[in-house]
Amino acid sequence: KAGVTQTPRYLIKTRGQQVTLSCSPISGHRSVSWYQQTPGQGLQFLFEYFSETQRNKGNFPGRFSGRQFSNSRSEMNVSTLELGDSALYLCASSFGNSQAKETQYFGPGTRLLVL
Amino acid sequence: DAKTTQPTSMDCAEGRAANLPCNHSTISGNEYVYWYRQIHSQGPQYIIHGLKNNETNEMASLIITEDRKSSTLILPHATLRDTAVYYCIVRAFSGSARQLTFGSGTQLTVLP
C-alpha cells in the first residue's frame, strides 16, 4: 500500500512569510505526528494529531500550528518565518490506537529554506 | 523514554554482516527497542522493533540481551545502499509521551 506522502517536497520562502505543509498518512492510519530536523538540533517532535485533535505537543513556539482533517490528512503551518525555521519537516503516521506494537512510518519530508 | 548510547560511526565491508550496538541501561519493563535508519536527507525508515525476544524480518535481525540493557541490530549482508544513519530508540506507549526521541545515531558506511 502507498506510504506517507508529503507536499511540497521543497520550498523556498523569505523571512516573515508563512508556509503550509501537507501530509497524507498511510491508509487506515489515524495518527499523524510532525517533526523538525536540523543539523544542529537533530529530530525534534512538533505535535501529534489523532482524530482531528491535537493529542501531544512538543516545545515549539505558537508560530507552529497544525490541524487534521476527517480523512486523517494533516497540515502544519508556520507563520512569520525565521531563518532558523529552515529545516527538513517530517511527518509520520501510525494507527494511533496505543497498541503495543504500533509503529510510526515517516514520509520523505519537506525541505524548507527560509531566506 | 530511556536514553540510548550508540557509537558515532562504523564501517562495514559490502557483503559482510553489519552489527550495530546500542546501550539502553535504563530501559523500563514496558519500553520497546526500535530501530530506524535515515539515508541522507530522506525520511527515517522503520527497520525493526522488539521487547525482549530476538526478532527478525526481511531487513534485519534484532538481538536483545537477557537483561534488556543493550541490543544489536544485524544487517546480515550489507550493501552499499545500507549506508545510512541508524537510530536506536526505546519507547513506551503509555501516557502522553508518544513521540519518538532520536539520539545522534550511528553513521554506518558500507565500503565496496
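The values are calculated or read from the model by the stated rules, or taken from the named source; none is laboratory data. Everything numeric here is computed off the predicted structure, so don't read it as measured data. Glycine gets a Cβ as well: all are built from the backbone with ideal geometry, and neighbour counts include every protein chain shown. These accessible areas exclude ligands, DNA and RNA; they are computed on the full protein's heavy atoms, side chains included. Shrake-Rupley method; radii C 1.70, N 1.55, O 1.52, S 1.80 Å.
In the range B:25-112, what percent of the accessible surface is made up of carbon and sulfur (1.4 Å probe, ligands and nucleic acids excluded)?
It is 51 percent, rounded to a whole number.
Which translational diffusion coefficient, to the nearest whole µm²/s, is obtained for the range B:20-104 from the Stokes-Einstein equation, given a Kirkwood hydrodynamic radius over C-alpha pairs, 10 °C and 1.306 mPa s?
Rounded to a whole number, D works out at 119 µm²/s.
Quick one: buried accessible area between A and B, total over both chains, 1.4 angstrom probe, nearest 100 Å²? Don't skip to the answer; put the middle values down first.
On the way: alone 6310 and 6410 Å², together 11060 Å².
Chains A and B together bury approximately 1700 Å².
Per residue, how much accessible area does chain B have with a 1.4 Å probe, in Å²? Could you put the intermediate results ahead of the total?
Numbers: 5570 Å² over 112 residues.
Computed with neighbouring chains in place, this is 50 Å² per residue.
For the protein assembly as shown, what is the charge dipole size about the Cα centre, in debye to the nearest 20, if Lys and Arg each add +1 at the Cβ and Asp and Glu each add -1 at the Cβ?
Values: 21 positive and 15 negative charges, 104 e Å.
So the magnitude is around 500 debye.
With point charges of +1 on the Cβ of Lys and Arg and -1 on the Cβ of Asp and Glu, referenced to the Cα centre of chain B, which listed residue (B:THR72, B:ALA92, B:ASN23) lies farthest in the positive direction of the dipole?
Highest projection toward the positive end goes to B:ALA92.
Counting other Cβ atoms within 10 Å, which GluC sites (Glu not before Pro) in the range B:32-112 have at most 11 and lie in a DSSP loop?
Numbers: sites: B:GLU55, B:GLU58, B:GLU66; in loops: B:GLU58, B:GLU66.
When the GluC sites (Glu not before Pro) of the range B:32-112 are filtered for loop state and at most 11 Cβ neighbours within 10 Å, B:GLU58, B:GLU66 remain.
What's the longest uninterrupted piece of chain A once you rule out the trypsin sites (Lys or Arg not before Pro) that are loop residues per DSSP with at most 12 other Cβ within 10 Å? Don't skip to the end; give the middle numbers.
Values: sites that count: A:LYS1, A:ARG9, A:ARG15, A:LYS101.
Here the longest run is A:16-100.
Quick one: accessible area per residue over the range A:27-106, 1.4 Å probe, rounded to a whole number of Å²? Could the numbers behind the result be given before it?
Details: 3540 Å² over 80 residues.
Ligands and nucleic acids excluded, the result is 44 Å² per residue.
Could you give P(r) for the protein assembly as shown, binned at 5 Å from zero, as whole percent values over all Cα-Cα pairs?
Cα pair-distance distribution for the protein assembly as shown, in percent: 1, 7, 14, 18, 18, 16, 12, 8, 4, 1, 0.
Output the Cα-based Rg and Dmax of the range A:4-58 in Å, rounding Rg to one decimal and Dmax to a whole number.
Values for the range A:4-58 (Cα only, Rg and Dmax): 12.9, 37 Å.
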